[in-house]
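Below is one structure; the comments refer to it alone.
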Amino acid sequence: MARTKIVLAGEGGQGVQSIAKILVEAGYEANKEVLYIPNFGVEQRGGVSIAFCQIADERIGEPRYSKGDIIIMLSDRAIDRCETYVDKNSTVVYDTSVCTKKPTCECKEIIGIDANKIANEQLSARVFNIIILGVLLEATHVLELSDIKNAMELALGKKFDAKPELRELNYKALEMGMSLVAQKAGV
Amino acid sequence: MAELLNLPPNLPKSQNAEVGASKFCPGCGHGITLKSLGNAIDELDIKQKTVFGCDIGCSLLSWNYMDLDTVQTHHGRTTPVIYGVTRANPEAIGIAYMGDGGGLAIGAQHLVNASVRGERLLIIVVNNTNYGMTGGQMSPTTMPGQKTETTPYGRDCSVTGEPAKAAEMVAAIANKSKSYVARSTVSNPMKLKQTFVKALKNVENGGFSFVEVLSICPLNWRTNNVDTFARLQQMEEYFEVKEFLAPESV
Amino acid sequence: MVNKLIKEDTKMFLTGNEVLAYAANSAEAEFMYGYPITPQNEIMHTWCKLLPKTGAGFLQTEDEISAGFSTIGGILAGKRAFTATAGPGNVIMQDAQSMAEMMRIPFVCAVMQRGGPSTATVIYAQQETRLTCYGGNGEGFRIVYSTAGHQDLYDYMIKAFNTAWKYKFPTYVLADGYQGKMREPVMLYDPASRGITMVPTEKALLADGEIGVDRKSAHMRNTYNMEEELMEVLDSYQVDYDKMAEDVAEWEEYKADDAEILVIAHGIVARSARTAIDELREKGIKAGLYRPITIRPLAVKPLREAVSRAKHLLFTESANGQLAQMVLEKIYGLTTPYSTLFKMGVGVTGDDIVQKVENIVKEGV
């Protein structure tokens, strides 16, 4: 039974929940079984923000899981908070340009990417999370690029229509994210 | 003479004749208040669309006192039940009937918020300056120096604060042009009825009404007739009897 | 009359709170009274957003006390009214819920459990199980559906209105913060298309007809003078309750027929148990699930039968045995041993259950 369990964690404001929503929307539109739980604290802003996403071929049972297949950690606090979801089969992705340390957990693979730096220097700080979405897409291989683009259109279509260059910027960020993982995988 | 005694009592049509002898204590102010209210309902001919809600405390004894559709609720909760009704049924005239404890202590948040929102109902707070049903404890309106079971040496305002003035508070926070706010007294039943008429008319017009009724509790006050009314007179001096807000339409 | 928005089968990808608002509309609910508390807020948000299309009513009250009591007012006025709450809000709403219980008011409430006691977390728990079933100063004459996902939320929210209005006991949809906030696909439908007719509402106050001509004035009370007077009323409620229980009690079994280890769980935890049971079966361990859907009243006969068949029970909850306590009372006399996996205010995963069951097996059952 194919089921991919994703944990996405970062600081409030990094756009973790936004990309989780696009990801599961893409899965839903692609006729997959999907389930998404945003984990939120008492405060509406700030604090570690975690999204638990599942994309599967069959009906999903447990809404929460002990261990994820891919865990994305976008801050030091996210590393501290999320190592508990890692086991030997997990792939861990962390942002080297945000985190000051490296995850130390035992797992299948740890991939360091500098999405934040790339966003700031080459694209725009606003598409940092879209780069991460690209990373996720490439790292999980459960959805097609076109699925994600459709879901982005549903979430951001109005903004894109008002400013067409935004669409290009987001697509570029998405592809940049995908290539970041592809490069690492090649090394 | 015997025939005279057999005449039915002169009750308002909106009072329940079947209820028999009043369950209120001898000399209680609720009887006067409810009869005045009944006469006001009769005068406006609104019996068939009135919903009467009563609280816990002595006011609960009115649960079958009126020939009105009635719901007896929990302590302090009559106001939300009745605006729940009038929100759902815009035709209904809602009356929430309670004592000073229900209105100003345990249900104060509902009084405040119903006043501010301009809920379409009449809230009646019968103020007898103590919790009658539970045996005469201090209430928010207990007079300075008044002896109650929980202030056996007299209410010490340096410890308990001053008596709450409900009508003043409601008048300060309610919408000035749509609210009728008054304090009346059982010492003048005719005037009390006229106050209820205006208050109910304002609800019929879509407004919010609040009437505080200064009332008597000879049992817990431990007063005879003369002393009871002397005490009521003191209350009338302390709590100003007047209309605080009255829209032109009433 | 409100406008129903779902006219044909419509698959949607929603949060559970959104599902509940749609379900209430599909059930022809006319009025919601509510007060903000996480994690149930989006029920109100969605309900309010849909108002121009539905023509229903809404009142944001000053607290949950008012939300509960004004819901009662709306129901007495003859409207299919409801409310929703969670955590500390559920605690203070017990005042109104107990009045609804005493006066047989068809009160409908969605409870989205969060961590407790006190403010605790706004996220998730199963710690309002006992409160929702037995809160208030009474006997728990209530009907509580515990849901395990979005389809349940939709199905049972619609059902809750009919159960409440048919049997006149307060009826609850007991879910949790996960179900409220999570998104998964759900099939929305017009109840009529599933053969469901909504039970007509009645006006307890200002009913049709003139007082003194067609009918007497209604005098509704919850106060009684004499002990015996009260007992007579409550005894008659108990008779009604027991009779109702036969029609209303629901449960679900999953691979329970030949299960040696029977997991007993409700709500979303039962869903984790399904995942675990599939995994355990693959490993050759005969595990099964018994899930009470109505946790009040419990379906006692099938429960006892399932328990009798099993060699060992595992109670698992995101609470410290609130359901287990209710179940144990109903299976008194049976000798099936049991273990527990209780995580107070924390989600139970499939892995948690697999490990626990494996340990039970290892220790030799």
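Readers should treat all values here as calculations from the given coordinates under stated rules, not as data from a laboratory. The structure presented is a predicted model; accordingly, all values stated were derived computationally and were not measured. Glycine also receives a Cβ, built like all others from the backbone with ideal geometry; neighbour counts cover every protein chain displayed.
Tabulated values for the structure
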{"quantity": "Over 20 Å between alpha carbons, listed pairs C:255/C:356; A:5/A:172; A:67/C:286", "calculated": "A:5/A:172; A:67/C:286"}
{"quantity": "Cubic angstrom per residue, convex hull over Cα atoms of the range A:28-187", "calculated": "134"}
{"quantity": "Cut-off 12 Å (backbone N to label point 7 Å along Cα→Cβ of residue C:253), residues of the range C:272-303", "calculated": "C:288-291, C:301-303"}
{"quantity": "Fewest-first ranking of B:25, C:133, A:53, B:54, using other Cβ atoms within 10 Å as the exposure measure", "calculated": "B:25, C:133, A:53, B:54"}
{"quantity": "Candidate lysines for bridging to residue C:330, where Cα separation is under 20 Å - those fewer than 8 sequence places away on the same chain excluded", "calculated": "C:243, C:301, C:311"}
{"quantity": "Summed residue charge, Cβ within 14 Å of residue B:118's Cβ, Lys/Arg positive, Asp/Glu negative", "calculated": "+3"}
{"quantity": "Proximal lysines relative to residue B:242, as straight alpha-carbon distance under 21 Å, when same-chain residues fewer than 8 apart are discounted", "calculated": "B:35, B:165, B:176, B:178, B:191, B:193, B:198, B:201"}
{"quantity": "Under 9 Å, Cβ to Cβ, from residue A:151 - net charge with Lys/Arg +1 and Asp/Glu -1", "calculated": "-2"}
{"quantity": "Spin-label pair residue C:9/residue C:213, simplified geometry with 7 Å Cα→Cβ offset, distance in nm", "calculated": "5.1"}
{"quantity": "Check: the range B:23-245 dipole with +1 on Lys, Arg Cβ and -1 on Asp, Glu Cβ, in debye", "calculated": "200"}
{"quantity": "Environment charge of residue A:38, counting only residues whose C-beta is closer than 10 Å and scoring Lys/Arg +1, Asp/Glu -1", "calculated": "+3"}
{"quantity": "Kirkwood-Stokes translational diffusion coefficient of the range C:252-362, alpha-carbon pairs, 10 °C, 1.306 mPa s, µm²/s", "calculated": "118"}
{"quantity": "FRET efficiency, residue B:134 to residue C:325 (Cβ-Cβ, R0 45 Å, nearest 0.05)", "calculated": "0.80"}
{"quantity": "All aspartates and glutamates inside 18 Å of residue A:159 as judged from Cα atoms, apart from same-chain residues fewer than 8 positions distant", "calculated": "A:25, A:168"}
{"quantity": "Exposure proxy ranking, count of Cβ atoms within 10 Å, fewest first, for C:169, C:58, B:244", "calculated": "C:58, B:244, C:169"}
{"quantity": "Principal axis dimensions, largest first and in whole angstrom, of the range C:149-298 by Cα", "calculated": "73, 40, 28"}
{"quantity": "Rh by Kirkwood over Cα pairs, then Stokes-Einstein D for the protein assembly as shown at 0.692 mPa s and 37 °C, µm²/s", "calculated": "111"}
{"quantity": "Estimated [θ] at 222 nm from DSSP helical runs (n ≥ 4, -39500 (n - 2.57)) normalised by residues in chain B, nearest 500", "calculated": "-10000 deg cm²/dmol"}
{"quantity": "Point-to-point label distance, residue B:233-residue C:229, nm (Cα→Cβ direction, 7 Å offset)", "calculated": "4.0"}
{"quantity": "Within the range C:13-32, backbone nitrogen closer than 19 Å to the virtual label 7 Å beyond the Cα of residue C:45 toward Cβ", "calculated": "C:13-25, C:32"}
{"quantity": "Whether the range C:10-194 is rounded, prolate or oblate, judged on the alpha carbon gyration tensor where a/c under 1.5 counts as rounded", "calculated": "rounded"}
{"quantity": "Scattering profile of the range C:9-57 at q = 0.20, 0.23, 0.32 Å⁻¹ [log10 I(q)/I(0), Debye over alpha-carbon scatterers]", "calculated": "-0.64, -0.84, -1.36"}
{"quantity": "At q = 0.11, 0.15 Å⁻¹, base-10 log of I(q)/I(0) for chain C (Debye sum, equal scatterers on each alpha carbon)", "calculated": "-0.74, -1.30"}
{"quantity": "Cα centroid separation - the range A:77-134 against the range C:320-365, whole Å", "calculated": "38"}
{"quantity": "Label-point gap, in nm, between residue C:340 and residue B:22 - each point 7 angstrom along Cα→Cβ", "calculated": "5.7"}
{"quantity": "The range A:89-187 - percent relative contact order, Cα under 8 Å, separation 6 or more", "calculated": "29"}
{"quantity": "Stretch in chain C that is longest and holds no GluC sites (Glu not before Pro) that DSSP places in a loop and that have at most 13 other beta carbons within 10 Å", "calculated": "C:211-362"}
{"quantity": "Sites residue B:248 and residue B:45 - FRET efficiency at Förster radius 22 Å, r taken between beta-carbons, to 0.05", "calculated": "0.50"}
{"quantity": "From the C-alpha gyration tensor of chain B, square roots of 5λ in Å", "calculated": "26, 24, 16"}
{"quantity": "Theoretical FRET efficiency, 1/(1+(r/R0)^6), r = Cβ-Cβ of residue A:114 and residue C:119, R0 41 Å, to 0.05", "calculated": "0.55"}
